[in-house]
1. Give the value in nm², to one decimal: projected area of the alpha carbon convex hull of the stretch 208-273, averaged over all directions.
2. With Kirkwood's inverse mean 1/r over C-alpha pairs for Rh, give me the Rg to Rh ratio of the stretch 5-99, two decimals please.
3. Just name one of Val541, Leu507, Ala450: the one whose Cα is farthest towards the positive end of the charge dipole of the stretch 414-558 (beta-carbon charges, Lys/Arg +1, Asp/Glu -1).
4. Take the alpha carbon gyration tensor of the stretch 493-565, find the square roots of its eigenvalues, order them as a ≥ b ≥ c, and report rounded if a/c is under 1.5; if not, report prolate when a/b exceeds b/c, else oblate.
5. Would you mind working out the magnitude of the charge dipole of the stretch 5-99 relative to its Cα centre, with +1 at each Lys and Arg C-beta and -1 at each Asp and Glu C-beta, to the nearest 20 Debye?
6. What do you get for GluC sites (Glu not before Pro) in the stretch 430-502 restricted to DSSP loop and a cutoff of at most 14 other Cβ within 10 Å of the site's Cβ?
7. Kindly identify the stretch 411-472 as rounded, prolate or oblate by the Cα gyration tensor criterion: order the square roots of the eigenvalues as a ≥ b ≥ c, call it rounded if a/c is under 1.5, otherwise compare a/b with b/c, prolate if a/b is larger, else oblate.
8. So for the pair Asp509, Leu256, with labels modelled 7 Å out along Cα→Cβ, what separation do we get in nm?
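Rule-based calculations on the coordinates, nothing more; no lab input. The shown structure was predicted, so the numbers you read here are calculated from the model rather than taken from an experiment. Backbone-built Cβ (ideal geometry, glycine too); neighbour counts: all protein chains shown.
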Amino acid sequence: MVPTPTEFADMTWDQVQPLYQALADRELTDDDSIRSWLRDWNELDISLAEAASVANVEVSCDSQNPEKEARHLRFSSEIMPQRSEIANVLIGKLLDSGYSQPDLETVLRRYRTDREIFRPENVPLFQELSKLTNAYNRACGAMTVEWEGEQVPISRLNPYLEHPDRDIREKAWRLSFQPYIEQRGHLADIFDQMLTLRQQVALNAGFANYRDYTFADKYRYDYSPEDCLQFHDAVAGTFVPTMLASHAERRATMGLDALRPWDLAHDPEGHVPLKPYDTIDDLTATAQQVFGKVAPILGEQFGIMRSEGLLDLDARTGKRPGGFCTSFPYRKRPFIFMNASGTGGDVRTMLHEAGHAFHGFATTEHLEYLPQRRYGSEMAEVASMSMELLASPYLRKRDGGFYEDEDYARACIEHLQGIVKLLTWVAPVDAFQQWLYTDPAAADRDVRDARWCEIWSRYDPETDWSDLNEYRVARWYKQLHIFLYPFYYIEYAIAQLGALQVWRNALVDQEQAVADYRAALALGGSKPLPDLFARAGARLVFDEAGMAELVALIQNRIAELQTNP
């Protein structure tokens, strides 16, 4: 009998290991015995994965709780790394059997990669990296600033970054960076250790550097580091000029000679920030109505999440920063984590994370094995970013959404301009990471900081950062992906370009585009990435011509909204 996730919660690896060892020792005699063995392995993985996911959610929601941190550490730094070691034995057992079936071909290809790059000596290195991940989360989760006489988490400043009063914006902006500036030394210490450990992982596995290791580890069969370099250039040639034109218009509207960093998030005409909801209940109830308009089944699925307590959305001291969606595979349910603070950005985040949740619902409904449901990050972000765009026709209050007509136009324009900003942000983050893991000079923290500013300036050449260098440096320390999920960022841009193509199709036939989108989600990770994109009605785009078409789509839609809200 496989333990339940609740039973796994307080188990040690010594208690878990015999369950996997029994699978390693089982004799496989024919296809029937292999299928039975696969189902048993799958059942065990599902239960253990949910226990680990629950531990991560609990410490994310309460990052200062030592008991929850200890439980999460037991999973992240002990149980799961050692589980990966014996899983490699099971993978070898399956591959050596010669067993195959059509809907497992992509999984088997990944298993072959896993076996090729696995090294037992890396297990303790991953354990150390998990501890460093927790150290970064603990440091950032404890960050607060004083605002109006009260200590508040940094995310509570978000509404003030959009305030029409420039002095208030500047104060909030500076405060949002201050804890990262103050803790630069501590965070740099953490990254020094992460960089060393990751490079050693790569060398142990026979790779020249961690970048090349990561491309194998993330199963990036369909694009290369060279494609990413082409992407960086294409963004510089398409999205950067579009962003600069938008900045020029903003600067003229505001009557400024130059834009400072705190001049980029608010409404340039001085309107108060969008306030699309009053309470978390308002946010979730309205979101459920919107999802029901996109497709009735999506409204039903989000309703399940609301009723079963699968949402933790409010910003509060002690929560880790950011937002994410994870899965509880034993219950066949997703979970959404956010730090909502009452802004229009919260609505986009809600739509985004719900897209991930709908992906989870689709895969658990249609795919038997957990590895089939483990789609790559690129397709995961197509699910979330497409939902932001597919839901956009239903965000007006008269359609059951969040905004009156004028505010609806503002929200949509902000979203589309935000997509342009996203591409011009992903490019420097990815370029920086490519440099971090391929140039030995990155071991020097001061060189890192200088190189970051140099790379970023290519994609943000006109914002006035005079006398703000320590803030500009601190920006990469705030980018948790660089610390916690190395090289997990280019996927956002690849996916955003895919989502724009899904949206392009929806502008012609919304119902068919949604159907194609949901059909692609149901495939999980059972097909190669180009096939998943194609099922959603899109292709991988790294070239300037492909980007230029999508930039024009954005520009035309913004012009329509400005002319006829």
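1. 7.3
2. Taking Rg over the Kirkwood Rh, I get 1.06.
3. So the residue we want is Leu507.
4. Judged from the Cα gyration tensor, the stretch 493-565 comes out oblate (a/c at least 1.5, b/c at or above a/b).
5. It comes to approximately 160 debye.
6. The qualifying sites are Glu462.
7. Because a/c hits 1.5 or more and a/b fails to exceed b/c, the stretch 411-472 counts as oblate.
8. Each label point is offset 7 Å from its Cα along the Cβ direction, giving 4.5 nm.
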